[in-house]
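Take a look at the structure set out below.
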Amino acid sequence: MGGQGREGLPVDRPVTLEEAVEFKKREASGIEAKAWHFYGSYADAYDCAKVANFSPPQGAGEVMVSANSGMFFVWLYF
């Protein structure tokens, strides 16, 4: 899959907001039971918040963000 994570998001570069929103639209429609999904690394903390608030929005406790060396790694529970 050349630079793609098992869920289709790039692992070798920051994820763009557009990529994350498209992935969330595609994945959220087929989810039967909630589970944690890695949503990639971001260079901008605001993009982390924007994707978490995009439909379906995440509730309290459904977002994990880890920061390291200017990158933000995001997991969403949906």
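Data overview
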{"read-out": "Condition met for Ala43 (aliphatic (A, V, I, L, M), modelled with pLDDT of 90 or more, open to solvent by 60 Å² or more (accessible area, probe 1.4 Å) and out of contact with any His (no Cβ under 8 Å at 6 or more places or on another chain))", "value": "yes"}
{"read-out": "Residues located in region 29-40, provided they are aromatic (Phe, Trp, Tyr) and open to solvent by 30 Å² or more (accessible area, probe 1.4 Å)", "value": "Trp36, Phe38"}
{"read-out": "Filter result (touching a helix residue (DSSP H, G or I) at 6+ places or on another chain (Cβ under 9 Å) and open to solvent by 60 Å² or more (accessible area, probe 1.4 Å)) within region 47-62", "value": "Lys50, Phe54, Ser55"}
{"read-out": "Subset of region 21-73 (residues that are touching a residue at least 40 places away in the same chain (Cβ under 8 Å) and hydrophobic (A, V, I, L, M, F, W, C))", "value": "Ala28, Ile31, Ala35, Trp36, Met71"}
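The values are calculated or read from the model by the stated rules, or taken from the named source; none is laboratory data. This is a predicted model, so every value here is computed, not measured. Counting neighbours? That spans all protein chains shown, and the Cβs are built from the backbone with ideal geometry, glycine included. These accessible areas exclude ligands, DNA and RNA; they are computed on the full protein's heavy atoms, side chains included. Shrake-Rupley method; radii C 1.70, N 1.55, O 1.52, S 1.80 Å.
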